[in-house]
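Read the structure below first, then the notes.
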Amino acid sequence: MRTRSVIAGAAALALLGTGAPGATASDRVPDLRRFYQQKVTWGDCKGLTGAPDGMQCGRVTVPLDYAAPEKGTIDLALNRIPASGDSRGSLLVNFGGPGGPGVAGLVGSAKQFEDLAKGYDIVGFDPRGVGTSSPVTCGDGSDMPDEPLADDASTVLRQATEQWQVCRKHSGPVADHIGTINVSRDLDVMRDALGDDKLNFFGFSYGTRLGAVYTGQFPHKVGRMVLDGVDTLTEPMVEQTRVAVEGQQTALDNFVTWCSRNAGCVLGDNSRDARQNMTELVNQLNERPIPLGDDGEYGGDDLVNALGTALYHRDAWPYLSQALANVVADRDPRALLRLTGVPIPPPDEYAGRGIVAQKDVPPDNFGVALAMVNCADDPDRLTAAQLSDTKLIKSLVDDYTEASPIFGPARLEQVLLCAGQPKGTDFIRGIHDVDTPRFLLVGTRGDPATPYRWAVETAQRLGDQAVLLDNHGDGHTGYFSSKCVAQKADDFLLYGELGRGGLYCGEE
C-alpha cells in the first residue's frame, strides 16, 4: 500500500496536535467577542446538488487559533431546514466521521428529519477542515512519498513525517488547528450566531465524541442532546481501531453472505467462495488499477474505501452489489466512486439515493480529515522503541490482519501514521461526571462500528445525567433504522421526555 493511500484511504475504512481548551502561550485572555457577536445571514443554496426546496445556506466565521485569534479566521459552511411549525431554536446535527460533511449530509437526510423540523430549525455544518470549510487534502499525490512503509522505526517515522509535511502544505494552516477540541469551540460560536442560549445537538457516531467534548467544555450551555452510536472516550487508537476493524469485517461477511444468496451475485453463489473472491478482487485492482483519465486510477485501496462506506447501512447493499458487478464485467468504477462522494455526474438510476457530492471538495478530504482529527484527539503514540520492536509490530500486523484481511492492514497503517506527530490532547480522556441537564445516549447491540459496550462505558463516565437507550437492533446507529429509537429521540428533543430508569427498544 502506498503512503498517500494510507492517509487518503483511512476515511471510509469507517479517527495536529492540540492542547486542552483555553490554553494560551501566556496569561493573556484572548478576545473572542467579535466571533460571538455575529449572526448567520441565510440565503439560497446555489450550487448545492439535491438541496430540497426551502433549504437555506450560510456561513459562520471562527478563529483559526482560539488562543491567538489574530492569526486568522476560517469560514464554516452551514445549511438549515427552517422549522415548519413553532421553532424552539436550532438543532445542530453532526453525521459522523470524523471527516463527514454535514452540509451534504443534511441534504441527503432531509426527509428523515421532517418530524423534528416541526419544532426545530435543523442545521447541518461542515466542521473545520471538512467539506467546504477549508478542506484539508494531501493534493493529487504527485509530490507524496510513494515508497511502501518500511519495517524499521527510523524509516517509518521519517516517511510519516514527510507525508504529513506534504499534507500540511496542501491543506494550509487549518491542518495545525484541527481536532475535536477546536470543533467543539466552533460549535459554541455557531450556537451563539444562531441566536440560541443553549446548544441543542444530535450527534451520530463521531458526532457523539463531539457532543461529549462539548459537555466537558461548555456544560452550562448544553440544551437537549442526543448521541447515537456512541464513540469511546478512553480507548487508545490502537485498541479502538482494532475494534472498528472487527466490526467492518463482520459487516462485510454479512453483505457477502447476503449477496451469495441472490441470483447474479458477481462474487459467487456460496459465502466461502464469495469472501475469497472479494479479497482477490481487491488484490487484482491493486495489481492492475482501472485508468480514470486525468483523474488518475482506481485501485484496490479505493475499493476498500467504497466498501467501508457502503457497509454501514443495509439498504446500500443492492447498489454495492451492482457496482461490484460493473467493475468485474466492464472495469467501470463510477458507481463505486459515487459511494465515496467523488463528484462525477450521476446517471438517472442513481438519482434520489440520498448520496450527495459537493463541488470544490478534494476527493481525499474525508480520509485526510479523519486521520488528522484522530491523531489530534489521541494522546498515545507508538514510540521509536515500540516501532523498532519487531515482535510487537509483527503481533499488531497479525492481529489486525486476522481481524480483517481487507480492512486490517490499512487501518493499522492509519495508526502508525500518528507516530512521531505532536502529542494529542489529554482533555478528552479527562471528561467525566459532566454537570449538564440530562441527555440521551443510544447504543445499538449489533452496531458494527461503535460497539454497545462503548455506549455503556461512556454513559458511566459522563455520569448520572447521561441516560442510556439500549437498542436491540443491527446497523450503525439506531435513529435511521429503528422506529422506536426515532420516536424516543424525537420525544426527548421536542418535548423533553426521558422517563426514569433505563430505556429499551426491541428488534424490529
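Checking 100, 72 one by one, the residue that is on the phi > 0 side of the Ramachandran plot and open to solvent by less than 30 Å² (accessible area, probe 1.4 Å) is 72 and no other.
Residue-wise test of (1) more than 22 Å from residue 103 (Cβ to Cβ); (2) in contact with a Lys or Arg (Cβ under 7 Å, 6 or more places away or on another chain); (3) modelled with pLDDT under 85; (4) among the aliphatic types (A, V, I, L, M).
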{"residue": "262", "(1), (2), (3), (4)": "yes, no, no, no"}
{"residue": "265", "(1), (2), (3), (4)": "yes, no, no, no"}
{"residue": "274", "(1), (2), (3), (4)": "yes, no, no, yes"}
{"residue": "286", "(1), (2), (3), (4)": "yes, no, no, no"}
{"residue": "303", "(1), (2), (3), (4)": "yes, no, no, yes"}
{"residue": "332", "(1), (2), (3), (4)": "yes, no, no, no"}
{"residue": "348", "(1), (2), (3), (4)": "yes, no, yes, no"}
{"residue": "356", "(1), (2), (3), (4)": "no, no, yes, yes"}
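Can you confirm whether residue 231 is among the acidic types (Asp, Glu) and either more than 26 Å from the chain's Cα centre (by Cα) or not in a loop (DSSP other than H, G, I, E, B) (or both)? Against the criterion (among the acidic types (Asp, Glu) and either more than 26 Å from the chain's Cα centre (by Cα) or not in a loop (DSSP other than H, G, I, E, B) (or both)), residue 231 does not qualify.
Selection within region 161-195: residues that are under 30 Å from residue 456 (Cα atoms) and of a type in the set (D, E, K, R). The member of this set that is surrounded by the fewest Cβ atoms within 10 Å (Cβ to Cβ) is 188.
Taking residues in region 312-328 that are under 19 Å from residue 292 (Cβ atoms), and partners anywhere that are at pLDDT below 80, the pairs with Cβ atoms closer than 7 Å and at least 6 places apart or on different chains are 323/339.
For region 406-428, a tally of residues being open to solvent by 50 Å² or more (accessible area, probe 1.4 Å) and either in a helix (DSSP H, G or I) or at pLDDT below 90 (or both) returns 4. Exactly one of (1) modelled with pLDDT of 85 or more; (2) crowded, with 17+ Cβ neighbours inside 10 Å; (3) closer than 30 Å to residue 204 by Cα; (4) not acidic (Asp, Glu) is unmet by residue 341. Its number? Checking residue 341 against (1) modelled with pLDDT of 85 or more; (2) crowded, with 17+ Cβ neighbours inside 10 Å; (3) closer than 30 Å to residue 204 by Cα; (4) not acidic (Asp, Glu), the one that fails is (1).
Yes or no, residue by residue, for (1) farther than 22 Å from residue 61 by Cβ; (2) outside any loop (DSSP other than H, G, I, E, B); (3) in contact with a Ser or Thr (Cβ under 6 Å, 6 or more places away or on another chain):
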site: 104; (1), (2), (3): no, yes, no
site: 110; (1), (2), (3): yes, yes, no
site: 136; (1), (2), (3): no, no, yes
site: 139; (1), (2), (3): yes, no, no
site: 142; (1), (2), (3): yes, no, no
site: 169; (1), (2), (3): yes, yes, no
site: 190; (1), (2), (3): no, yes, no
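Taken together, the residues in region 268-282 that are more than 29 Å from the chain's Cα centre (by Cα) and in a helix (DSSP H, G or I) amount to 3.
Scanning region 470-495 for residues that are part of a helix (DSSP H, G or I) and of a type in the set (S, T, N, Q) gives a single hit, 487.
Scanning region 437-449 for residues that are part of a loop (DSSP other than H, G, I, E, B) and either among the acidic types (Asp, Glu) or modelled with pLDDT under 90 (or both) returns 447, 448, 449. With respect to being at pLDDT below 95, open to solvent by 40 Å² or more (accessible area, probe 1.4 Å) and among the basic types (Lys, Arg), residue 59 falls outside the description. Looking at region 496-507, can you tell me whether even one residue there is outside any loop (DSSP other than H, G, I, E, B) and crowded, with 22+ Cβ neighbours inside 10 Å? No, the conditions are met nowhere in region 496-507.
The values are calculated or read from the model by the stated rules, or taken from the named source; none is laboratory data. In this text the structure is predicted, and so the values were computed from the model without any measurement. Glycine also receives a Cβ, built like all others from the backbone with ideal geometry; neighbour counts cover every protein chain displayed. Note: areas computed on protein heavy atoms with side chains; ligands, DNA, RNA excluded. Shrake-Rupley method; radii C 1.70, N 1.55, O 1.52, S 1.80 Å.
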